[in-house]
Amino acid sequence: MIIEFAGVDVEAAMKSVAALTASWGYPPEPAPTPEPATSPESKGVDPVAVASLIVSIPSAMLAVADIADRIHKRRRAAELIERARQLRTQQGAARLVCGDRSVDLATLTSDQLLDLIADEPTAT
């Protein structure tokens, strides 16, 4: 059995319980000494962890590049949509023709415009 103590006077509580268990005929066991989390002999590099880190770096770089590209395109799309809204106030219209349909640019958000452009088949 292990008894843990917490509180203000842990030392006194430990002595009290040790005296009680000694009266029962059980000698008190020494308190366990905490082992260090890492021993000097166990320092090293896990080759699997290093390999997985190296393999994940290119995909992380690609994800960051994709996000940066998307942010840049969103700004340009927002500028285009804002220009379409200005044209609408001047009794003009700017429409985006996508395949078999036409969409008013002033009603789109930046993300909707980028999604429409991404869905468009590339011209070869």
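Bear in mind these aren't lab numbers, they're just calculated from the coordinates by the rules spelled out. All figures in this text were calculated on a predicted structure; none of them were measured in a lab.
If I stretch the segment between Ala78 and Cys98 completely, what's the gain in nm (0.36 nm per residue apart, minus their alpha carbon distance), one decimal?
Gain on extension, Ala78 to Cys98, equals 5.4 nm.
Taking 8 Å as the Cα distance limit and 6 or more residues as the minimum spacing, I'd like the relative contact order of region 47-124 as a percentage.
25
Between region 104-118 and region 44-100, what's the alpha-carbon centroid distance in Å?
13
Please report the projected area of region 47-124's Cα convex hull averaged over all directions, in nm².
7.4
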